[in-house]
Amino acid sequence: MLGVPAFPPTNQCLDGSSMNGANTIFTIHGTDHYHQTYQVTTTVSLLAGARLMLNGIS
């Protein structure tokens, strides 16, 4: 499986969370309930997928 960085928008609110320097890992600091949304937009039609991992497990 090929992975690519997920570049966050410049207007992000990371209060209590952070992205690593390569933009490949998003970490939430602390315990609570969170609602995370994301959207993948491509410039051409292609077959693609996305995977969400929790604690390194998909």
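The values are calculated or read from the model by the stated rules, or taken from the named source; none is laboratory data. This structure is a prediction, so every number in the text was calculated from the model and none was measured. Every residue, glycine among them, receives a Cβ derived from its backbone with ideal geometry; neighbour counts consider all protein chains shown.
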Just to check your reading of the model, which residue among T10, T43 is at pLDDT 75 or above, assigned to a loop (DSSP other than H, G, I, E, B), loosely packed, with under 10 Cβ neighbours inside 10 Å and more than 13 Å from the chain's Cα centre (by Cα)?
T43
Close pairs (6 angstrom Cβ cut-off, 6 or more residues apart or separate chains): free of Cβ contacts under 8 Å to residues at least 60 places away in the same chain and part of a loop (DSSP other than H, G, I, E, B) in the range 19-36, among the aromatic types (F, W, Y) and loosely packed, with under 10 Cβ neighbours inside 10 Å anywhere:
N23/F7
Subset of the range 13-28 (residues that are at pLDDT 70 or above and surrounded by 10 or more Cβ atoms within 10 Å (Cβ to Cβ)):
G16, S17, S18, M19, N20, N23, T24, I25, F26, T27, I28
